[in-house]
1. For region 49-58, give me the residue count where each residue is surrounded by fewer than 15 Cβ atoms within 10 Å (Cβ to Cβ) and either in contact (Cβ under 8 Å) with a residue 60 or more places away in the chain or not in a helix (DSSP H, G or I) (or both).
2. Residue by residue through region 87-118, note down the ones that are over 27 Å from Glu31 (Cα atoms) and exposed (fewer than 13 other Cβ atoms within 10 Å of the Cβ).
3. Pairs please, first residue from region 142-162 and open to solvent by 80 Å² or more (accessible area, probe 1.4 Å), second anywhere and assigned to a loop (DSSP other than H, G, I, E, B), Cβ atoms under 9 Å, 6+ apart in sequence or on different chains.
4. How many of the residues making up region 124-156 are among the hydroxyl-bearing types (Ser, Thr, Tyr) and touching a Phe, Trp or Tyr at 6+ places or on another chain (Cβ under 7 Å)?
5. Restricting attention to region 1-48, and to residues there that are touching a residue at least 24 places away in the same chain (Cβ under 8 Å), open to solvent by less than 60 Å² (accessible area, probe 1.4 Å) and assigned to a helix (DSSP H, G or I), which single residue is nearest to the ligand (Cβ to nearest atom)?
6. Considering region 97-122 alone, what residues qualify as being within 11 Å of the ligand (Cβ to nearest atom) and not β-branched (Val, Ile, Thr)?
Amino acid sequence: MDILKMLKQRRSIRKYLGTKVEWEKLEKIAEAGIYAPNPGGRQGTIVIILDDAEIIDRIGIINAACENRNWGGQSVSEDQPSIIDDLSIKSGFYGCPALGIVCIKKDTKTNINAIGSAFVTAENMVLEAHSLNVSSCIVGRAEATFENSEMQALLMQWGLDPEYMPLVFVCLGYIDGDYPKAKPRKDGRLLYIKKENTL
Ligand SMILES: Cc1cc2nc3c(=O)[nH]c(=O)nc-3n(C[C@H](O)[C@H](O)[C@H](O)COP(=O)(O)O)c2cc1C
């Protein structure tokens, strides 16, 4: 598929069917993540994939509790309501059946390049997911979500290198309902400097 067309089509999806995502697809999505550009060629991100809906829900409830859900009436999405838009949503992962967790090294957590590398990893994952007809939503607050003994124990159980910490989540699953259209772009966000127009 034409990449620009795909970029324009992709939306953050927050309504999922319970249908499992095929493990082969999840592996491709994770692999896409680790092929993202990375600062200094360090390949500093680790991608965790899980497909246990019960555990995902438990982490998602903690994730939602980490957010101040009162944005003073400001809306994130009308057609795909977020935890800000609909306070009855209990999980910050919206019932998705599979979850990606992108981790970075703890000692780089304030390094803007390391943080950026987690997000470009997540972006690669959502684009690969879209190309496989799997819907997705990038979700933040990973650091806060794992800042408690229950979640730390989970990371240990999974065998995550203790030098690493979760930074961003990627919800994955099949959309429940129709796929929404992209929102129009705001004006004034592109500035082209063509040599023939400069003095
Ligand atoms: C860095 C980042 C963090 C995000 N965190 C959340 C989040 O915590 N919860 C959520 O529902 N969506 C989250 N999103 C998704 C955005 O809300 C979404 O991309 C935005 O509303 C535009 O919608 P679209 O992706 O459908 O074009 C995040 C996106 C990015 C890039």
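The values are calculated or read from the model by the stated rules, or taken from the named source; none is laboratory data. All values derive from a computational prediction rather than experimental measurement. Cβ: placed from backbone, ideal geometry, glycine included. Neighbour counts: every protein chain shown. The area values use the complete protein model at the heavy-atom level, side chains included, leaving out ligands, DNA and RNA. Shrake-Rupley method; radii C 1.70, N 1.55, O 1.52, S 1.80 Å.
1. The qualifying residues number 2.
2. Leu87, Ser88
3. Glu147/Cys66; Gln152/Phe146; Met156/Pro162
4. Final tally of qualifying residues: 1.
5. Met6
6. If the condition is that a residue be within 11 Å of the ligand (Cβ to nearest atom) and not β-branched (Val, Ile, Thr), then Gly116, Ala118, Phe119, Ala122 are the ones that fit.
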